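Undergrad: Pasting a structure here, questions to come.
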Amino acid sequence: MGLHELTLRNFRLFSEYQFRPDHTAVTVFLSPNGTGKSSVLEAVYALATAGSFRTNSAADMVRAGESVAEVHGVLFHQDRRVQVDLTLTRGVRSTQKRMLINGLRPQSRADLAEALPLTVFTPEGVDVIRHGPEQRRDFLNHVMNDVDPKTSPLLERFARVLSQRNAVLRRIQARRATPGEREEIEVWTTDLASTGLELVAEREHLLAQLDPLVNEYYRALADDGQPVALGYDRSWSGDLLEALQRAFEDDVARGHSTKGPHRDDILITLNHRDARRQASQGEQRSLALALRLAGHELIQQRRGVDPLLLLDDVFSELDPVRSDRLLALLPVGQTLVTTAMPLPTKMKPASIIDLTSGRE
């Protein structure tokens with residue numbers, strides 16, 4: 001598995017750009033800030049997820065002054081050629097995404113995860129430790145989808161049910177619900193509870209598998225024997241259906257569902273301390289890297305593939321010792337790296353690309 005060719009048109013600052021990375025080793029983009037290094041990695045990420053690790057607005061990925069951006073990738077799964085095409089069309093109110101895999105629309109997120117599993121490291125990646133629960137839920141969902149693409153329909157079903165329940169809650173927020181709306185909310189509440197419990201079971205199972213791997217990688221990165229523990233923190237107690245029913249009046253007043261997996265969190269402790277509030281910045285960075293390395297290895301174990309690894313300006317946030325430790329732990333396979341700084345001495349890339357000149 002690997003990315004053999006990437007073509008960009010009107011993506012970020014590029015009018016057009018194409019490159020062919022080494023599909024088994026390290027390719028480094030080494031050039032000053034503002035030359036588009038991170039945008040190339042963002043485009044690869046967009047092929048795998050139809051999203052961005054830099055922005056929540058798809059319009060940001062369309063070149064200024066243009067209305068359509070394109071990303072085209074050629075991948076190989078053993079001897080099978082796979083072409084992934086993403087088109088972003090910016091409108092007045094929203095930006096439309098059109099994704100094709102070998103000319104066909106993907107039926108679910110599972111199709112994208114099957115086509116191009118990847119792991120991304122960014123300086124902001126430490127946010128998974130020190131920011132709010134949404135960052136940790138997103139991380140867990142992403143890893144779950146890549147470890148087992150068959151869980152993708154569950155994630156999509158839960159999102160759909162949650163959206164429907166919230167739509168009814170907003171509708172009745174300022175008035176008394178009609179009998180029909182009462183029946184409708186009961187149906188969505190029952191569906192949310194059953195689907196939510198399925199999702200929680202998958203998340204808890206995944207955390208149990210990640211826990212020993214995170215401990216192993218943290219010890220290696222930090223040269224520190226402090227134990228790490230991952231725990232799942234539900235946003236309700238007791239039975240989920242009963243919790244949703246108890247919270248109904250509050251949900252109506254707020255216009256959204258206040259209990260369920262979409263409000264849950266991952267508790268990460270280091271030597272029994274809350275890593276979010278009590279770990280040092282260095283410890284948080286090591287934990288964030290350990291989480292992603294653990295997820296990457298779990299994908300390898302469960303699917304027998306080497307996900308593409310993206311390292312976006314990571315070494316600028318690490319001291320030389322941690323940089324060398326990270327390099328020693330990087331898995332085999334295709335890796336794309338961006339940096340504006342001299343490379344760590346132990347990094348041996350297959351090629352180095354300077355985007356200021358376009359020459360290798």
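Undergrad: Among the candidates 213, 192, 197, which residue alone is closer than 30 Å to residue 318 by Cβ, surrounded by 13 or more Cβ atoms within 10 Å (Cβ to Cβ) and either of a type in the set (A, V, I, L, M) or without any contact (Cβ under 8 Å) to a residue 12 or more places away in the chain (or both)? Before the answer, list the steps.
TA: Details: 192 fails: closer than 30 Å to residue 318 by Cβ; 197 fails: closer than 30 Å to residue 318 by Cβ.
Answer to the check: 213.
Undergrad: Can you name the condition, by its number, that residue 225 falls short on among (1) in a loop (DSSP other than H, G, I, E, B); (2) in contact (Cβ under 8 Å) with a residue 60 or more places away in the chain?
TA: It is condition (2) that residue 225 fails.
Undergrad: Give segment 17-53 a look and list any residue that's assigned to a loop (DSSP other than H, G, I, E, B), free of Cβ contacts under 8 Å to residues at least 60 places away in the same chain and in contact with a Leu (Cβ under 9 Å, 6 or more places away or on another chain), or say none.
TA: 20, 34
Undergrad: Here's something else I'd like to know. Kindly provide the set of residues from segment 228-241 that are part of a loop (DSSP other than H, G, I, E, B) and farther than 18 Å from residue 268 by Cα, ordered by number.
TA: First, the residues of segment 228-241 that are part of a loop (DSSP other than H, G, I, E, B): 234-239.
Selection gives 236, 237, 238, 239.
Undergrad: From the list 287, 291, 244, which one is part of a helix (DSSP H, G or I), touching an Asp or Glu at 6+ places or on another chain (Cβ under 9 Å) and crowded, with 20+ Cβ neighbours inside 10 Å? Outline the logic, then answer.
TA: Values: 287 fails: touching an Asp or Glu at 6+ places or on another chain (Cβ under 9 Å); 291 fails: touching an Asp or Glu at 6+ places or on another chain (Cβ under 9 Å).
Going through 287, 291, 244 in turn, just one is part of a helix (DSSP H, G or I), touching an Asp or Glu at 6+ places or on another chain (Cβ under 9 Å) and crowded, with 20+ Cβ neighbours inside 10 Å: 244.
Undergrad: Of (1) without any contact (Cβ under 8 Å) to a residue 60 or more places away in the chain; (2) farther than 18 Å from residue 39 by Cα; (3) not in a loop (DSSP other than H, G, I, E, B), residue 315 satisfies all except one. Which?
TA: Checking residue 315 against (1) without any contact (Cβ under 8 Å) to a residue 60 or more places away in the chain; (2) farther than 18 Å from residue 39 by Cα; (3) not in a loop (DSSP other than H, G, I, E, B), the one that fails is (2).
Undergrad: To continue, here is another question. Determine which single condition residue 70 fails, assuming it passes every other condition in (1) of a type outside the set (Phe, Trp, Tyr); (2) assigned to a loop (DSSP other than H, G, I, E, B); (3) closer than 17 Å to residue 99 by Cα.
TA: Only one criterion in (1) of a type outside the set (Phe, Trp, Tyr); (2) assigned to a loop (DSSP other than H, G, I, E, B); (3) closer than 17 Å to residue 99 by Cα is unmet by residue 70, namely (2).
Undergrad: What are the residues in segment 74-93 that are farther than 23 Å from residue 305 by Cα and among the charged types (D, E, K, R), if any?
TA: Of everything in segment 74-93, those that are farther than 23 Å from residue 305 by Cα and among the charged types (D, E, K, R) turn out to be 90, 93.
Read-outs throughout are calculated quantities, based only on the coordinates presented, and are distinct from any laboratory measurement. What you see is a predicted model, and the numbers here were worked out from it, not measured in a lab. Because the Cβ atoms are built from the backbone with ideal geometry, glycine has one as well, and the counts that use them run over all protein chains shown.
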